1. Where does each of Thr75, Thr3, Thr100 land when they are ranked from fewest to most other beta-carbon atoms within 10 angstrom?
2. Could I get the Rg over Rh figure for the range 106-169? Both from C-alpha atoms, Rh via Kirkwood, rounded to two places.
3. What ranking of Leu97, Leu140 emerges when the number of other C-beta atoms within 10 Å of each C-beta is taken as an exposure proxy, fewest first?
4. With θ taken as phi - 60° and the coefficients 6.51, -1.76 and 1.60, list the Karplus ³J(HN,Hα) couplings across the range 126-134 in order, rounded to whole Hz; mark glycine and proline as x.
5. Can you list the HN-Hα couplings for the range 76-89, worked out from phi with the Karplus curve (6.51, -1.76, 1.60; θ = phi - 60°), rounded to whole Hz and with x for Gly and Pro?
6. Could you give the angle, 0 to 90 degrees to the nearest 10, between helix 3-14's Cα long axis and the longest principal axis of the Cα atoms of the chain?
7. What 222 nm value per residue comes from the helices of the chain, counting each DSSP H run with n ≥ 4 as -39,500 (n - 2.57) and dividing by all residues, nearest 500 deg cm²/dmol?
8. Taking the beta-carbon count within 10 Å as an exposure proxy, list Arg25, Arg43 from fewest neighbours to most.
Amino acid sequence: MGTTKRIRKRLGDAIGDQRIVRIERKLKFADRIDGFVVLVGKRWALVARSSDGGFFDGYIAFRIRDVKRIKPDRTFESAYARTRPEWPPRYPSALRLNSTADLLQGLGLSGALLSIQKEKERAAMWIGTVDEVGEKYVYLHEVRPDATWHSSPLGYKLKAITSVEVGTHYLVGLAGIAGSADTPRTE
């Protein structure tokens, strides 16, 4: 069994587990992912992310082929997460994880802010709402860190995207100040 198949199986086995997993990826600028595995597809996996202390912090989808190592949590954080109102973690709608386009279309349906990362290139994220998903590109109507919106959507190559986040504390806070792309914040 190939490495990617073994990783996919380990991630699949972790769905519904009562313990946080710690996922290390081989990309130059990738952070470790801690959380509960919620869904596993052919190319992508979705984790209900946890932050320090066992608090939930949105969801992160990542490419399975980029995973280097998966370790179980050996701290109190898994036990604390089970006491939170978000327990048990599950994504609120159907989501296909077989391609980057499928993933972005599914995550973009709600109109909520999401962030994409290209961790092979740099440690940066691009935040916005999905405007269009094409065969090779996704177009985001982006919001800047000062909570103002770009005037038109910007495109990114699907094959360069290594992770996508939704529902994090940062994204929820930014959306609360920025408003929507249709009704942007005014100074």
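1. Numbers: Thr75 14, Thr3 11, Thr100 23.
Result, fewest neighbours first: Thr3, Thr75, Thr100.
2. Details: Rg = 11.1 Å, Rh = 12.0 Å.
Radius of gyration relative to Kirkwood radius: 0.93.
3. Lowest to highest Cβ neighbour count: Leu97, Leu140.
4. 10, 10, x, 10, 5, 8, 7, 10, x
5. 6, 4, 4, 5, 5, 4, 5, 8, 7, x, 6, 6, x, x
6. So the helix axis and the longest Cα principal axis differ by about 80 degrees.
7. That comes out to -5500 deg cm²/dmol.
8. Least to most surrounded, the residues fall as Arg43, Arg25.
Bear in mind these aren't lab numbers, they're just calculated from the coordinates by the rules spelled out. Note that this is a predicted model, so its numbers are computed, not measured. Don't worry about glycine lacking a Cβ; one is built from the backbone with ideal geometry, like all the others, and counts go over all protein chains shown.
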